[in-house]
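The values are calculated or read from the model by the stated rules, or taken from the named source; none is laboratory data. None of the values given here were measured: they were computed from a predicted structure. Here the Cβ positions follow ideal geometry from the backbone for every residue, glycine too, while neighbour counts run over all protein chains shown. For the accessible areas, the whole protein counts, side chains as well, though only heavy atoms, and no ligand, DNA or RNA atoms are used. Shrake-Rupley method; radii C 1.70, N 1.55, O 1.52, S 1.80 Å.
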Amino acid sequence: MRNNKFSTIRKLITFSVVLFTVYLNGQTITTPGLPEIKPPVPSIYPSGMDSFLAPSATQLPSTGKNYQQRQNEQIMNEVDQHEKLRIETLNSVKSDIEELQSTIQYDLPSLLQIPGTERYREVFDKMLHIDVDNYSVKDVNFDIENAYFENKLDKVEFDKVIKQSAEFILAKMKERNFDANSNTAKNFMLFEFFTQPMQIKGFKEKHFPIKYDFEDYWGRENWAKMFVTKLLKTNTGQCHSMPLLYLILAEAIDAEAYLALSPNHSYIKFQDEKSKWYNLELTNGMLTVSSFILNNGYITAEAMQNKIYMQNLTKQQVLSQFYTDLASGYIHKFGYDEFVDKVINKAIELYPTSINANMVKANYNEARLKYVVKELGINTQTQDGRNKILNYPQAIEILQQMHAQYKLVDDLGFQLMPADAYEKWLNSLKETKNKEESEKLAKQFKGTIIKFKN
């Protein structure tokens with residue numbers, strides 16, 4: 001019915017004129033991916049009226065002034081009638097177009113009526129009241145993962161496991177006579193907790209290193225693969241869950257460490273007492289130099305200039321990442337709607353250059369445009385279909401928002417790293433020169449550990 005009405009409207013005399021002059025205000029519309037289309041310059045009057053306005057001398061009868069005067073009056077009356085008809089047609093078309101556009105849904109349908117979405121709203125509202133510089137990484141992360149499982153996770157058990165792991169690490173430090181106040185010693189022991197088997201004398205329990213989960217490590221089939229709770233249950237994780245658990249345990253033993261990002265990846269950075277920085281690669285249990293990260297081939301000069309990678313994330317920036325995690329879990333479980341936009345806007349507010357948050361925002365805009373285009377019945381595969389979007393200013397605005405957001409992502413220096421390239425780069429850690437470099441760094445690392453003075 002909507003298409004029939006639209007087809008009928010287009011057949012009206014002044015449709016093309018009205019469509020551009022009323023709604024586009026005579027402006028040139030230029031959008032990426034669309035041709036530049038300028039509004040037509042119409043005649044002031046409907047087709048055929050020009051002949052009434054400028055009759056030639058040969059067309060005028062010569063039977064006297066009175067007849068000529070009456071003829072002029074008749075012409076003017078007809079002009080007035082046609083002008084009235086033009087205005088009525090214009091108003092009718094405008095009314096029909098407004099009626100048509102009023103029936104179009106320009107926002108993605110809300111998914112908040114779906115059972116389980118209320119858990120995400122609860123977590124989002126709770127996060128809004130967090131002190132951005134002083135919050136529990138453990139608690140925020142648990143709330144996000146628990147929302148995905150609709151409050152079915154056991155917080156008491158989770159806290160217990162973290163507490164026991166922290167106590168084990170501190171006990172091992174004491175056994176080795178490490179200075180309990182040394183940040184280097186704490187991070188060294190944390191790193192070994194992830195990468196080496198450990199046991200405390202006098203206890204039967206033995207801790208085994210955390211392994212990399214090579215199955216669905218992107219979380220495409222099962223988003224829970226990204227979770228710390230899954231890691232604790234299986235003792236396997238990937239580059240999202242491992243660094244988060246490290247931060248949680250660092251928080252529990254009062255160690256200072258930072259989350260850092262590289263393309264498709266996250267890792268840990270910390271500084272020893274001699275001001276030397278270390279990159280801890282938990283996925284392979286190795287230490288890396290910054291040049292190794294830079295050499296993955298997907299960190300552009302713009303990315304370095306805009307500091308979207310390889311930076312120590314502040315507590316506020318980590319909280320922004322948590323908002324992005326909340327939105328991502330919602331998307332994988334339910335899909336895109338305005339709740340996603342609300343959450344990701346908060347993430348960007350906290351960390352304007354967050355590449356992950358801005359990518360989610362761009363994908364949200366694309367999902368919204370696809371929905372609107374489908375609602376309008378526009379075939380974007382044809383030129384006529386692409387031109388048709390010019391009839392809908394709100395659709396044009398959404399299109400422009402999408403392109404502007406993707407341009408922002410490009411300007412930040414983002415370059416897509418394919419999955420096979422990521423795997424190849426990650427596996428290159430096992431090369432002899434990188435192993436040797438890691439062993440050299442490990443010796444330096446261990447050499448800076450401060451022990452108790454006997």
* Structure fact -> With the first residue restricted to segment 133-162 and required to be farther than 17 Å from Leu231 by Cα and part of a loop (DSSP other than H, G, I, E, B), and the second required to be basic (Lys, Arg) and modelled with pLDDT of 95 or more, Cβ contacts under 6 Å at 6 or more apart or on different chains are Asp133/Lys315; Glu150/Arg119; Asn151/Arg119
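Kindly evaluate Glu221 against the criterion of being free of Cβ contacts under 8 Å to residues at least 12 places away in the same chain and outside any helix (DSSP H, G or I). Show your work before the answer.
Values: free of Cβ contacts under 8 Å to residues at least 12 places away in the same chain: yes; outside any helix (DSSP H, G or I): yes.
In short, yes.
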* To do: Please specify each residue of segment 244-272 satisfying the condition of being under 25 Å from the mean Cα position of the chain (by Cα) and assigned to a strand (DSSP E or B).
  => Tyr258, Leu259, Ala260, Leu261, Ser262, His265, Ser266, Tyr267, Ile268, Lys269
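Identify all residues within segment 303-328 that are within 19 Å of the chain's Cα centre (by Cα) and not aliphatic (A, V, I, L, M); write none if there are none.
First, the residues of segment 303-328 that are within 19 Å of the chain's Cα centre (by Cα): 303, 306-309, 313, 316-328.
Within segment 303-328, Asn306, Lys307, Tyr309, Gln316, Gln317, Ser320, Gln321, Phe322, Tyr323, Thr324, Asp325, Ser328 meet the criteria.
Before we move on, is Leu399 part of a helix (DSSP H, G or I) and either over 22 Å from the mean Cα position of the chain (by Cα) or of a type outside the set (S, T, N, Q) (or both)? Break it down into steps so the answer makes sense when it comes.
Working: part of a helix (DSSP H, G or I): yes; either over 22 Å from the mean Cα position of the chain (by Cα) or of a type outside the set (S, T, N, Q) (or both): yes.
Yes: the conditions hold for Leu399.
Which one of these is at pLDDT 95 or above, open to solvent by less than 60 Å² (accessible area, probe 1.4 Å) and at positive phi: Gly335, Gly377? Reasoning before the result, please.
Details: Gly377 fails: at pLDDT 95 or above.
That would be Gly335, the only listed residue that is at pLDDT 95 or above, open to solvent by less than 60 Å² (accessible area, probe 1.4 Å) and at positive phi.
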* Asked: In segment 396-424, what residues are in contact with a strand residue (DSSP E or B) (Cβ under 9 Å, 6 or more places away or on another chain) and within 16 Å of Thr300 (Cα to Cα)?
  -> Met417, Tyr422
* Select from segment 254-284 the residues that are buried (at least 19 other Cβ atoms within 10 Å of the Cβ), more than 21 Å from Gly413 (Cβ to Cβ) and not hydroxyl-bearing (Ser, Thr, Tyr) and list them in ascending order. => Ala255, Ala257, Ile268, Phe270, Asp272, Leu280, Glu281, Leu282
* What number of residues within segment 217-252 are more than 20 Å from Phe149 (Cβ to Cβ), open to solvent by 10 Å² or more (accessible area, probe 1.4 Å) and at pLDDT 95 or above? -> 3
* **Criterion violated by Ala404 - all others in (1) touching a residue at least 24 places away in the same chain (Cβ under 8 Å); (2) over 30 Å from Tyr212 (Cβ atoms); (3) surrounded by fewer than 18 Cβ atoms within 10 Å (Cβ to Cβ) satisfied** => (1)
